[in-house]
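The values are calculated or read from the model by the stated rules, or taken from the named source; none is laboratory data. In this text the structure is predicted, and so the values were computed from the model without any measurement. Heads up, the Cβs are rebuilt from the backbone with ideal geometry, glycines too, and the neighbour counts pull from every protein chain shown.
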Amino acid sequence: MNIPKELKYSEEHEWVKVEDGKVRIGITDFAQDELGDIVFVELPEAGDEVEADEPFGSVESVKTVSELYAPISGKVLEVNEDLDDSPEFVNESPYEKAWMIVVEPSDESEIEKLMDADAYEKMISEE
Amino acid sequence: MKYINNQDIMDITINFAIEEYALTELDINETYLLFYSMTPTVIVGKNQNTVEEINMDYVRENNVTVCRRLSGGGAVYNDEGDLSFSFITKDDGSSFNNYKKFTEPVVRALRNMGVNAELLGRNDLLVDGKKISGNAQFSTRGRMFSHGTLMFDVNLDNVAKALNPDPEKYLSKGIKSVRSRVTNIRDHLKEDMDIHQFKEMLLQYIFEGEKGIPEYKLTEKDWKRIMEIAEKRYRNWDWVYGKSPEFNVKQTKRFPSGKVDVRLEVKKGLIEQAAIFGDFFAVGDIHDIEKRLVGVKYKREDLMDALTDIDASYYLGKISKEEFVNMLF
């Protein structure tokens with residue numbers, strides 16, 4: 001299971017990458033593996049607000065529809081539109097090609113509360 | 001596990017609302033079982049383009065309800081002869097994705113009735129290679145439901161009629177439906193029974209080993225919320241149609257006065273771009289009509305309203321407003 005050290009993680013299996021005051025968000029390798037082949041990704045639009053622990057979209061896999069939960073609150077700056085045509089990126093490249101949204105955080109302390117790679121690894125090993 | 005009696009309500013918008021309510025607002029540690037049949041209804045998957053899946057004319061002329069579900073997958077046509085079942089439960093990590101767990105009691109019951117059903121592919125129940133049940137799941141906040149249709153005695157002629165015969169008119173990134181060969185359970189029974197007896201038998205098998213059938217009785221307060229959910233989501237055009245992934249429409253029609261070719265780009269249910277071509281002869285600049293269409297819901301009534309004060313003959317010649325709006329679907 002790939003869990004990059006430099007990222008932060010939420011209990012709902014999202015990863016967070018801090019980039020000059022902005023935050024890039026996607027789902028983890030563990031999450032994509034659990035979901036199976038992803039066939040559709042539903043995301044918000046640039047300009048929308050997302051709220052920590054609230055759904056900001058959903059993924060449909062061949063097995064199920066699951067909601068995506070925002071790890072932090074803020075304003076959506078960018079949305080990965082490649083996922084419209086290529087939802088399979090989520091399975092193939094969850095940390096690179098399948099980033100989902102870039103958010104301008106409204107409360108930086110929310111990032112601090114997220115897990116580091118070791119804590120996340122421990123959490124999924126206990127699931 | 002508790003059984004929720006839906007009082008034999010056949011309105012899909014209420015049944016979906018009961019399901020959603022039990023999922024998100026009842027005891028998070030309880031498992032609920034719900035059954036429902038419905039008046040003729042087409043149900044599309046969470047990420048489908050509704051208009052691409054239904055035969056608009058048939059649906060309108062025959063008062064077929066159209067609804068979108070929370071779970072994924074393709075479009076289905078159901079009626080009073082369908083008995084859908086739904087397990088609403090905790091998402092404990094092992095239930096999620098596990099269709100076997102939820103279809104197994106149903107398969108067991110069917111086999112005892114002489115129906116040689118098996119779970120094939122990922123989430124279909126088949127008899128002799130023909131589908132009798134499609135299943136799908138949705139999960140949110142540690143809860144999930146796994147629901148499935150059971151074609152007991154569905155009017156199979158209407159299945160093909162209600163679903164769109166011409167999906168080429170649309171281009172979208174939504175989930176496409178896969179047509180399957182289907183059959184009714186009733187034709188495979190050792191001993192004939194009606195759908196009510198069938199439901200009772202299923203209940204007995206699913207609650208096998210338990211003392212009676214424990215029931216959760218919906219209270220007045222529950223019903224109030226359920227009706228709110230039905231209204232807010234399942235009867236709402238924005239959910240049923242507007243939620244469709246972005247799509248393009250290409251419609252052409254030959255009228256006595258000429259050919260009309262319309263291209264629309266629809267996003268979040270609203271027309272974002274419109275282009276009209278053709279060789280019908282009229283005086284007005286057709287761009288005026290295109291401009292009128294932009295920003296309007298891709299919905300018959302709203303389009304009629306948007307064109308209400310225009311002089312049809314000035315722009316469309318011998319083509320009436322109704323004819324023009326009708327050809328957009």
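What to note about this one:
- Any strands (runs of 3 or more DSSP E) falling wholly within region A:27-127 and containing at least 3 residues that are farther than 13 Å from residue A:13 by Cβ and in contact with a strand residue (DSSP E or B) (Cβ under 9 Å, 6 or more places away or on another chain): A:38-42, A:55-61, A:74-79, A:101-105
- Residue that is surrounded by the most Cβ atoms within 10 Å (Cβ to Cβ) [pool: residues in region B:103-143 that are of a type in the set (S, T, N, Q) and more than 14 Å from chain A (Cβ to nearest Cβ)]: B:133
- Test result for residue B:151, within 14 Å of chain A (Cβ to nearest Cβ), surrounded by 17 or more Cβ atoms within 10 Å (Cβ to Cβ) and of a type in the set (A, V, I, L, M): no
- Candidate set from region A:40-70 (those that are hydrophobic (A, V, I, L, M, F, W, C) and within 8 Å of chain B (Cβ to nearest Cβ)); member that is surrounded by the most Cβ atoms within 10 Å (Cβ to Cβ): A:65
- Taken over region B:85-97, the criterion of being within 12 Å of another protein chain (Cβ to nearest Cβ) and touching a residue at least 12 places away in the same chain (Cβ under 8 Å) is satisfied by B:91, B:95, B:96, B:97.
- Enumeration of residues in region B:36-63 that are in contact (Cβ under 8 Å) with a residue 40 or more places away in the chain, more than 14 Å from chain A (Cβ to nearest Cβ) and touching an Asp or Glu at 6+ places or on another chain (Cβ under 9 Å): B:36, B:37, B:38, B:39, B:40, B:42, B:55
- Scanning region B:161-184 for residues that are of a type in the set (A, V, I, L, M) and in contact with a helix residue (DSSP H, G or I) (Cβ under 7 Å, 6 or more places away or on another chain) yields a count of 3.
- Residue in region B:218-236 that is more than 30 Å from residue B:89 (Cβ to Cβ) and either modelled with pLDDT of 95 or more or not in a strand (DSSP E or B) (or both) present: no
- Qualifying position, being among the acidic types (Asp, Glu) and within 14 Å of chain B (Cβ to nearest Cβ), among A:11, A:19: A:11
- Qualifying residue in region B:13-27 (condition: under 21 Å from residue B:171 (Cα atoms) and out of contact with any Pro (no Cβ under 6 Å at 6 or more places or on another chain)): no
- In region B:172-217, the residue that is nearest to residue B:25 (Cα to Cα) out of those that are of a type in the set (Phe, Trp, Tyr) and part of a helix (DSSP H, G or I) is B:205.
- Residue in region B:114-126 that is within 28 Å of residue B:25 (Cβ to Cβ) and outside any strand (DSSP E or B) present: yes
- When residue A:96 is tested against (1) at pLDDT 95 or above; (2) crowded, with 19+ Cβ neighbours inside 10 Å, exactly one condition is not met: (2).
- Residue within region A:7-16 that is among the charged types (D, E, K, R), outside any strand (DSSP E or B) and touching a residue at least 40 places away in the same chain (Cβ under 8 Å) present: yes
- Considering residues of region B:7-25 that are in contact with a strand residue (DSSP E or B) (Cβ under 8 Å, 6 or more places away or on another chain), buried (at least 19 other Cβ atoms within 10 Å of the Cβ) and not small (Gly, Ala, Ser) only, the residue nearest to residue B:220 (Cα to Cα): B:18
- Residues located in region B:80-113, provided they are over 22 Å from residue B:159 (Cβ atoms), among the small types (Gly, Ala, Ser) and outside any loop (DSSP other than H, G, I, E, B): B:109
- Flag for residue A:127 being under 22 Å from residue A:58 (Cα atoms), surrounded by fewer than 19 Cβ atoms within 10 Å (Cβ to Cβ) and at pLDDT below 95: yes
- Of the residues making up region B:229-268, those that are surrounded by 15 or more Cβ atoms within 10 Å (Cβ to Cβ), within 22 Å of residue B:10 (Cβ to Cβ) and charged (D, E, K, R) are B:233, B:235.
- Filter result (within 16 Å of the chain's Cα centre (by Cα) and within 14 Å of chain A (Cβ to nearest Cβ)) within region B:155-179: B:174, B:175, B:176, B:177, B:178
- Check on residue B:70, within 11 Å of another protein chain (Cβ to nearest Cβ), of a type outside the set (S, T, N, Q) and either in contact with a helix residue (DSSP H, G or I) (Cβ under 7 Å, 6 or more places away or on another chain) or surrounded by 22 or more Cβ atoms within 10 Å (Cβ to Cβ) (or both): yes
- Residue check for residue A:95: more than 11 Å from chain B (Cβ to nearest Cβ), within 20 Å of residue B:142 (Cα to Cα) and of a type outside the set (Gly, Ala, Ser): no
- The residue that is nearest to the chain's Cα centre (by Cα), counting only those in region B:251-266 that are part of a strand (DSSP E or B) and among the polar types (S, T, N, Q), is B:251.
- A single member of B:271, B:226 is surrounded by 15 or more Cβ atoms within 10 Å (Cβ to Cβ) and farther than 30 Å from residue B:27 by Cα, and it is B:271.
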